[in-house]
Every structure is written in structure tokens, then in C-alpha cells.
Number of protein chains: 2
Amino acid sequence: MANIPYKIYLSEEEMPKYWYNMKAVMKELPGPFINPATHKPCTAEELSQVFCSDLVEQELNTTDQHIEIPEEIRNFYKMYRPSPLVRAYCLEKLLDTPAEIYYKFEGTNTSGSHKLNSAAAQVYYAKKQGLTNLTTETGAGQWGTALAMACAYYQIALIVYMVKVSVEQKPYRKAVIETYGGEIIPSPSNTTEVGRKILAENPGTGGSLGCAISEAIEVAMKTENCRYVLGSVLDHVLLHQSIIGEETKTACEKYGIQPDIIIGCVGGGSNFGGLIAPFMGDKIMGRNNIDFIGVEPASCPSLTRGKYAYDFGDTGKTTPLMKMYTLGSGFLPSPNHAGGLRYHGMSPIVSKLYHDGYLEARAVEQTKVFEAATTFARAEGTLPAPESAHALKVAMDEALKCKETGEKKTILFGLTGTGYFDMSAYMSYNDGTMTDYIPSDEDLEKGFATLPKI
Amino acid sequence: MANIPYKIYLSEEEMPKYWYNMKAVMKELPGPFINPATHKPCTAEELSQVFCSDLVEQELNTTDQHIEIPEEIRNFYKMYRPSPLVRAYCLEKLLDTPAEIYYKFEGTNTSGSHKLNSAAAQVYYAKKQGLTNLTTETGAGQWGTALAMACAYYQIALIVYMVKVSVEQKPYRKAVIETYGGEIIPSPSNTTEVGRKILAENPGTGGSLGCAISEAIEVAMKTENCRYVLGSVLDHVLLHQSIIGEETKTACEKYGIQPDIIIGCVGGGSNFGGLIAPFMGDKIMGRNNIDFIGVEPASCPSLTRGKYAYDFGDTGKTTPLMKMYTLGSGFLPSPNHAGGLRYHGMSPIVSKLYHDGYLEARAVEQTKVFEAATTFARAEGTLPAPESAHALKVAMDEALKCKETGEKKTILFGLTGTGYFDMSAYMSYNDGTMTDYIPSDEDLEKGFATLPKI
């Protein structure tokens with residue numbers, strides 16, 4: 001085995017040329033999208049009214065394990081990829097653990113996270129289709145920033161419905177998106193029917209991701225040459241994010257690294273789904289026995305306490321129904337600081353894998369997460385995003401277990417982004433005002449009551 | 001010549017093991033530090049009361065061209081280096097220029113800039129000397145962050161005197177420093193004699209870098225096992241920053257890249273001095289004919305409109321006198337957004353090289369700088385720090401000249417950091433409220449009147 005450097009960078013030649021489509025190897029597939037009006041599976045034609053055609057094709061592709069990444073997208077990736085696979089030597093030393101810890105770090109681009117991997121692809125396909133406009137929503141802001149960057153590159157006009165409370169909490173995140181030429185509309189807004197309805201019902205609301213999705217879809221449907229793009233949850237987003245897993249696997253093979261545990265945070269599930277893709281494919285085919293752990297906030301526990309059911313992806317109940325672990329589209333997420341994990345549902349692929357026992361899920365409380373994040377930052381230098389720190393927390397827990405048992409496990413986790421735009425959360429942790437929130441069973445029941453009956 | 005990738009990363013084995021000491025090859029040396037009380041050159045012993053002993057030795061070293069980087073520091077560097085040398089393919093295409101543009105990008109670490117290169121070294125030597133405490137100042141915040149990161153790693157207590165107006169403008173920058181365990185004191189403060197004096201004279205002042213330096217030095221002198229560390233200007237800081245130039249040169253040689261022009265922004269001069277070091281050494285020895293251009297803000301034009309004279313490094317007039325280009329320690333810098341370039345003086349090495357005709361200097365106005373920064377961000381993805389964007393602006397100017405003349409020059413510039421913590425400046429550019437400021441001759445005369453008579 002080669003001597004392992006602090007950071008493994010693949011060369012351009014070693015960068016993956018294919019995305020990994022887990023659905024082509026899964027023994028059972030997630031349930032299809034269901035049209036809420038007809039209760040029948042959605043057709044490609046129906047989906048193409050909202051999404052770009054090539055993306056719909058990818059969304060419905062259950063046969064091709066390897067899907068070629070177009071050269072134009074690979075060139076875009078070369079601007080900020082490959083991302084480093086980092087050996088956490090300093091953290092290992094601090095924890096005094098026999099475990100080897102690795103993290104795949106996606107935060108070195110300006111959007112600050114892995115979201116750019118799918119933005120680059122989605123905007124390319126929009127351009128290819130001759131579209132001129134896109135709409136989307138953003139919560140924490142990583143997706144909106146990534147999409148604004150890709151739209152600036154491909155010169156496509158972009159409207160971002162940003163959760164109102166995020167606009168207010170993160171003026172600088174808004175400023176980045178605007179610097180890249182994106183237009184921000186705080187959601188809920190008066191620019192859409194669904195926004196006006198929500199505002200009339202809840203005049204003081206700070207908005208939610210589910211509501212911003214509804215507004216962005218409405219505008220996309222009404223605007224010529226325009227489609228809606230989504231930064232997580234959907235199968236084609238996980239497909240694009242498989243670049244993370246493919247790079248990681250190539251780097252592991254190059255250096256003879258064999259992970260025992262792979263850990264990622266889960267909100268909509270795209271980074272975790274992308275990171276695990278080729279490893280999970282191998283596990284399904286009986287080629288490894290890796291433990292996969294998805295980590296969610298205790299405040300929004302869709303996998304650990306949600307129901308596996310058909311549900312809407314948005315608050316306005318305008319999307320197709322998806323079979324997934326969900327807290328109900330009417331579940332009101334608490335103001336947990338990890339904005340990117342504040343979503344009622346979960347990727348149908350990740351949900352199905354979880355349901356079938358291929359992965360484990362854990363929920364962690366945010367003060368513990370920030371404690372781990374601060375320890376990590378001081379040891380390893382890099383300041384993690386609150387979302388990523390959920391994975392980090394469990395990776396540290398596992399490394400400390402190894403210390404107790406003496407096992408020399410290889411632990412790999414996804415560090416999906418940086419915390420540069422989340423400093424108000426760090427401030428509340430630093431000054432001791434951060435609190436934890438765990439929804440009561442009654443809170444959950446209120447959310448479940450909003451599940452559609454089908 | 002090999003095909004040039006978008007990003008050149010050296011391997012760990014290719015990382016430089018030596019810093020480059022320009023003074024060992026300069027035909028004439030900068031004037032020595034002068035003790036303002038005796039008007040005699042400062043001794044190593046005098047300097048060691050303020051600075052770590054090993055750093056004083058490096059500061060006074062005029063004979064060793066290559067100074068070995070201790071293994072511990074190289075291991076620290078491996079956590080975030082090598083930094084990429086990026087081929088700006090997308091910017092070249094946008095500008096439609098025959099020029100080849102490269103930039104060495106130092107912004108991928110959490111401190112967001114090149115400052116960590118010297119922080120890692122200085123804190124290592126402090127630890128080695130058995131010190132337990134350090135003090136410093138920070139303006140824009142990059143240095144304070146970098147030092148807090150290094151102090152967290154080496155477990156040294158740190159007090160950062162942060163320019164009061166920066167603390168107010170950049171609460172999140174303060175939060176990052178505190179997350180790494182650094183203590184922030186807004187300067188001027190009541191914690192020092194010099195602070196109390198400045199506050200009594202100017203009760204409403206927002207502070208200045210020169211004033212924060214005075215406070216940090218005073219505390220270092222009065223505290224046991226404590227020294228003061230500085231993030232720019234001094235020769236040993238340029239020495240540490242030569243890692244930038246050494247990596248760049250190694251990457252250029254590996255890929256057969258021969259720069260015609262090398263450009264950097266200059267505030268105190270450390271990143272520029274570090275970037276050019278080995279190239280300038282070769283130029284002095286007649287081995288190349290590269291044009292070197294230092295770029296400063298028109299609002300604080302120490303090279304282009306300053307005097308080459310002995311001056312204090314701080315407002316409180318407590319430092320040794322240094323021979324440098326200066327606007328006078330009493331010059332009041334305007335609130336230009338590029339905080340890191342808001343300093344009255346200039347590195348004695350850079351000053352001497354400029355004085356002897358080895359490099360060119362240009363002053364640029366900030367609205368033009370932000371225009372270039374926005375163009376760059378949209379083309380290349382990366383959001384530059386306002387400081388770095390000064391270099392970028394001139395690189396783009398030179399590339400456009402090539403477009404007119406048809407020359408295929410190779411232009412290389414230093415992109416010293418990211419703009420994540422400077423979004424309020426981008427906001428004022430985006431909304432059209434940013435203005436330019438050029439000091440009048442009268443303004444400059446007021447500054448020159450504060451120069452010491454020696």
C-alpha cells in the first residue's frame with residue numbers, strides 16, 4: 001500500500017467519465033412518481049412540463065448502471081474538481097483512535113458545497129434544450145449559489161425563491177447569489193398564487209423549503225422557455241452527485257483504502273446518495289460489507305421517525321407524489337441551524353435502501369453537532385458546514401468506539417461544505433444560546449395528518 | 001510541453017522543502033531596522049523582546065538563499081497545501097485574448113487567504129521557544145483568522161486586536177476567530193496605554209491597523225511568555241510566503257510554463273513578495289526577464305505616490321523604523337473595502353526592489369476592481385477577495401492589451417483569497433453605492449508631515 005498523503009487529488013485524467021446509477025443495480029426499485037390527480041404513475045411527458053427533458057430521461061432510467069458525463073460538464077467540473085479525499089491525521093491524533101479517518105471534502109468551490117455537481121449538469125441540459133430561464137428554491141443557500149454560478153457560466157436567467165427567514169438571516173448568502181446574477185425573491189411572496197395563498201393563511205410566516213418549491217414550480221410552468229430545477233431528493237440529482245462517490249472510490253482503489261463505514265448527512269439525501277453510490281452498488285452485488293450511516297438532525301428526523309409513504313415534495317402539494325420516508329409535507333421544521341437538512345421528506349432511492357436494510361440512520365442533536373464541528377475545525381483547520389458536521393459527529397463517535405474496542409476500522413465521511421455563511425449558528429453555539437429541539441410524538445402526528453390518502 | 005490541466009496540484013513529494021530568501025541574492029539590501037531612540041540599527045536582542053528568536057534570526061538573515069522548512073511546518077502545510085495553480089481557460093475565452101492566464105489560488109483554506117502560510121510558521125517557532133501566549137492585530141480579518149487556526153493547532157493562547165470598524169462590519173469574521181479560540185479585542189481599546197491615549201484624542205475613531213499594532217505590541221511586551229506576531233511587511237513573513245512562489249515555480253517548470261508577467265496585489269507586500277521570490281531571484285541573477293507588477297488601491301497608494309523613507313510601522317510610533325515606501329504612519333486610510341491593502345507602509349524588500357527598478361507598481365480604483373472581480377467570478381466560478389481582485393484587474397488589463405496587439409503573453413497572478421467575508425463590499429458594488437476615493441496631494445502632505453526626522 002502506498003504511503004497515504006494528507007490530501008489525495010486525482011489528476012484530470014483520473015476523473016470519472018461516468019455517473020453511477022444505483023437504480024440499475026438495486027434489487028427492488030423505489031415506487032414510481034404518482035400523479036396526485038389520477039393516482040397513476042407520472043409519464044415522461046407530464047414530468048417534462050416541469051423538468052428539462054434530458055433530466056426526466058435520467059430520472060426514469062433504471063437500466064444503465066453507468067451514464068456518460070458529457071464533455072462540457074466534465075470541463076465545468078474541472079474548474080473545481082476533483083475534490084480532495086483527506087486523511088484526517090490530526091483528528092485521529094487528537095482522538096487518539098486506532099481508526100483511520102477519511103473525508104471527501106466538497107467545500108472548496110465558491111458555492112461552498114457539493115451542490116455545484118448537479119447545478120453544472122442541470123443547467124447544461126437546460127441550455128442544450130434551448131431554455132432561457134430557470135427557477136428554483138433555496139433554503140440554506142448552497143443550492144441557490146451553486147445554481148447561480150452555473151447559470152452565470154451558461155448565461156441563463158435565474159430566479160431563486162429563497163426562504164424568507166434565510167434571506168433575513170443570511171444577507172451575505174443573498175449577496176453572493178446576486179453577484180452571480182441570480183434574482184432573489186423572498187418566499188412566500190406575492191409573485192405567485194400559492195405564495196399569496198400561504199401569506200393570506202399565515203401572514204407572519206418565515207417561509208419553508210416546501211413553500212419555496214411550490215412558488216418556483218408555479219413560475220416555471222407559467223414562463224416560456226423556462227423549467228424548474230431542484231437541488232436534492234430526485235433520482236437525477238443523486239445521479240449527478242455520484243461523481244463524489246466515483247472520485248472517492250477511484251482514490252480509495254489507488255491507495256488501497258478499504259472503508260468499513262461510510263457516513264453522510266441526509267437532508268434531501270443527494271450528497272449521501274452520491275457519496276455511497278458505487279460502494280452501495282458493490283454491496284448490493286455482494287462485493288463488500290460496508291456499513292452505511294445516514295445522519296439527520298433530531299429536529300427533523302424523517303428516516304428515524306418518519307413514515308415510508310407516498311407524499312408531496314412541497315408544502316403547496318403541487319408536485320407528483322413520491323414514495324419516501326417523510327414527516328408529512330405539512331410538518332413544520334423547527335429553526336434548526338442546519339438549514340439544508342430542514343426538509344420533511346427524503347430521496348426515494350435513499351428511502352428505499354433504508355427500508356430494505358442496506359443502510360442505517362441516526363439522528364443527532366445540534367449542540368452536539370457544533371461541539372464536534374468546533375473540535376474538528378481546531379484540529380483539521382477546515383470549518384465545516386452545520387449540515388456536514390452531522391456526519392462528522394457520527395464519524396467521531398465511531399472513531400471513539402474504535403478507541404474503546406481497539407478496532408482499527410477505516411471510517412470515511414462526506415464533508416459536504418464549509419460553514420462560512422453559517423457563522424450566526426456558530427455564534428449562538430459559541431455564546432451558549434444554542435438550544436436543541438426534538439419534536440414530540442404529537443408534533444409528528446400533526447405532520448403525518450397531512451399525508452395524502454392514496 | 002504537456003497538456004495543461006485546469007488546475008495543477010503538486011503532489012506532497014513535489015512540495016517545496018525550502019523557503020526562498022530574496023535578500024541572499026539582492027544586489028543591494030534594504031536599509032536595516034533603526035531604533036528610533038538611538039537612531040542606530042536594531043540588534044537581534046532588541047528585536048527578540050518583541051518577536052520570537054527564530055523569527056528574528058530569519059529577519060536578519062541575508063546570506064542563506066534557501067532556508068529549510070521544518071518538518072512540523074511542512075506537515076501543517078500538507079493540511080491545506082499545495083494550493084492549485086489554475087489555468088483561467090474560461091476567462092481567456094470570455095476576454096477572447098491570445099494571452100494565457102494563470103493564477104495561484106491561496107483561498108481554499110478556512111482562513112480564506114495566503115496568511116496561513118506565515119501563521120503556521122510563526123506559531124510553530126513560538127511553541128518551540130516555549131511561549132504560551134501571542135498577540136497580534138487584524139484589519140480585514142484574514143491574518144487574525146489564520147493565526148487563530150495555527151494557535152488552535154499548537155494550543156497557544158491568542159489575543160487579536162481587531163480594528164474596531166472591522167469588528168462592526170464583519171461580525172462573522174470575528175465569529176470564525178472565536179470559533180478557533182482566539183480572543184478578539186476591538187481596537188482602540190481601554191486595555192492598553194496607547195489605546196487609551198488614542199481614544200482620549202479621538203473618542204469616535206473606528207481604529208486603524210497601525211493603532212491595533214501598537215496595542216498588540218504593548219500587551220506582548222507586558223505579558224510573560226508572550227510575543228507579538230505580524231502578518232505582513234517584515235522580511236521573515238515574506239520568507240514564509242515564498243512557499244507560494246516556490247510551488248508556482250515548480251508547477252511552471254513541470255508544465256513548461258514561462259510567465260512573461262507576474263502580478264500581485266500589495267498592501268504590506270507579503271503575498272506579492274512571496275509569489276515573486278524565486279522568479280525575482282532568477283531575474284536578479286539575469287536568468288529571466290519577467291515583468292513584475294504590484295497593484296495597490298488608488299486610495300492608499302504607498303508605492304505609486306508614497307516616499308521612500310524611514311518610518312514607523314504603526315500609528316503609536318512604537319516599532320523600529322523601517323526604510324520603505326510610506327504615506328506616513330499618520331496617514332489616515334479611507335474606508336476602502338480592500339481592508340488588507342489599507343496600510344500606510346510597504347515591505348522593505350518590496351520597497352527596495354521597486355526603488356531599484358526591478359518591479360512596476362500600479363494603483364487602481366475600487367469600482368473598477370469590483371467590476372473585474374464580478375466578471376471573473378461569473379467566468380471562473382471563484383469569488384475573489386477584494387484585495388486579490390486588484391491583481392486580477394491588472395491581469396485582465398494586460399490580457400486585453402494582448403488582444404489588441406495579438407501578443408500571446410503568459411500572464412500569472414496571485415489570487416490570494418476568497419471574498420466570502422467581504423460580501424458587504426460586493427453588496428455596495430451590486431447596488432451601485434460604492435464610490436472611489438483618491439487622496440488629494442494635500443491629504444498626502446498631512447501624512448508625510450508625520451514622517452520621523454532622522
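The values are calculated or read from the model by the stated rules, or taken from the named source; none is laboratory data. Everything numeric in this text was worked out from a predicted model, so none of it was measured. Positions of Cβ are generated from backbone atoms using ideal geometry, with glycine treated the same way; all protein chains shown enter the neighbour counts. Side chains included, ligands, DNA and RNA excluded: accessible areas come from the protein's heavy atoms. Shrake-Rupley method; radii C 1.70, N 1.55, O 1.52, S 1.80 Å.
Assuming R0 = 30 Å, what is the FRET efficiency of A:Met221 and A:Glu72, from their Cβ-Cβ distance, to the nearest 0.05?
Working: r = 27 Å, r/R0 = 0.91.
According to the calculation, E is roughly 0.65.
Quick one: how many lysine pairs does segment A:137-250 have with C-alpha atoms less than 27 Å apart and a gap of 8 or more or different chains? Give me the count, please.
Working: A:Lys164/A:Lys174; A:Lys164/A:Lys197; A:Lys164/A:Lys222; A:Lys170/A:Lys197; A:Lys174/A:Lys197; A:Lys174/A:Lys222; A:Lys197/A:Lys222.
So the count works out to 7.
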* **Euclidean distance of C-alpha centroids, segment A:174-216 and segment A:304-344, integer Å** => 18 Å
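Counting only heavy atoms of the protein chains, get the accessible area per residue of chain B (1.4 Å probe) and round it to a whole Å² value. Spell out each step's value before the answer.
Working: 15470 Å² over 454 residues.
Per-residue accessible area for chain B comes out at 34 Å².
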* By how many degrees, 0 to 90 and rounded to 10, does the Cα axis of helix A:235-255 deviate from the longest principal axis of chain A? -> 10 degrees
* To do: Rounded to the nearest 10 degrees, what's the angle between the helix B:142-154 long axis and the longest principal axis of chain B, both from Cα atoms, 0 to 90?
  => 80 degrees
* Structure fact -> One decimal, nm, nearest first: from A:Thr367 to the same residue in each other copy, label points 7 Å out along Cα→Cβ, the values are 5.1
* Asked: How far apart are the B:Lys401 label points across copies, placing each 7 Å from Cα toward Cβ, in nm, shortest first?
  -> 6.3
* Restricting the count to DSSP beta bridges whose residues both fall in chain A, what percent are antiparallel, rounded to a multiple of 5? -> 35 percent
* Once you average over the residues of A:416-428, how many Cβ atoms of partner chains fall within 10 Å of each Cβ? -> 4
* Asked: Can you give the average number of partner chain beta-carbon atoms within 10 Å of each beta-carbon in peptide B:442-448, as a whole number?
  -> 0
* To do: Distance between Cα centroids, segment A:11-86 to segment B:396-438: provide it in whole Å.
  => 37 Å
* Inter-label distance for A:Met285 and A:Ser424, nm, one decimal - labels placed 7 Å from Cα along Cα-to-Cβ -> 4.7 nm
* Structure fact -> homo-copy label distances at B:Met221 (7 angstrom along Cα-Cβ), nm, one dp, ascending, are 7.3
* To do: Give the shape of the protein assembly as shown as rounded, prolate or oblate, defined through the alpha-carbon gyration tensor: a ≥ b ≥ c are the square roots of its eigenvalues, a/c under 1.5 means rounded, and otherwise the shape is prolate if a/b is larger than b/c and oblate if not.
  => prolate
* Structure fact -> Per DSSP, the loop-located trypsin sites (Lys or Arg not before Pro) within segment A:243-327 having at most 12 other beta carbons within 10 Å are A:Arg287
* Pulled fully out, how much extra length does the chain show between B:Glu13 and B:Asn35, if you take 0.36 nm times their separation in residues and subtract their Cα-Cα distance? -> 3.6 nm
* Would you mind telling me the antiparallel percentage of the DSSP bridges in segment A:5-161, rounded to 5? => 65 percent
* To do: Kindly provide the helix-only [θ] at 222 nm of the protein assembly as shown, computed as the sum of -39,500 (n - 2.57) over DSSP H runs of four or more divided by all residues, to the nearest 500 deg cm²/dmol?
  => -12500 deg cm²/dmol
* Asked: Taking a spot 7 Å from the Cα of A:Thr205 along the direction of its beta carbon, which residues of segment A:176-196 have an amide N less than 15 Å from it?
  -> A:186-196
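Counting only other residues whose beta carbon sits under 13 Å from that of B:Ser48, what net charge do I get with K and R as +1, D and E as -1?
Taking every other residue near B:Ser48 into account, the sum is -4.
Starting with the highest mean, order A:186-192, B:221-227 by the number of other Cβ atoms within 10 Å, averaged over the residues of each peptide. List each step's numbers first, then the result.
Numbers: A:186-192: 21.1, B:221-227: 15.0.
Highest-to-lowest ranking by the protection proxy: A:186-192, B:221-227.
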* Structure fact -> In whole percent, the fraction of accessible protein surface over chain B that belongs to carbon or sulfur atoms, probe radius 1.4 Å, stands at 48 percent
* For the protein assembly as shown, what proportion of DSSP beta bridges, expressed in % and rounded to the nearest 5, is antiparallel? -> 35 percent
* To do: Name all residues of segment A:2-42 having a backbone nitrogen under 15 Å from the label point set 7 Å from the Cα of B:Tyr255 along its Cα→Cβ direction, giving them as ranges.
  => A:10-14
* Asked: Rg (Å, one decimal) plus Dmax (Å, integer) for the alpha carbons of segment A:1-121?
  -> 19.4, 59
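Sorted by average packing, counted as other Cβ atoms within 10 angstrom per residue and highest first, what order do B:348-354, A:168-174 take?
Numbers: B:348-354: 26.1, A:168-174: 20.3.
My ranking of the peptides, most packed first, is B:348-354, A:168-174.
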* Within segment B:274-317, list the chymotrypsin sites (Phe, Trp or Tyr not before Pro) lying in a DSSP loop whose Cβ has at most 15 other Cβ atoms in a 10 Å radius. => none
* **Cα-based helix-to-principal-axis angle, A:209-222 vs chain A, degrees rounded to 10** => 50 degrees
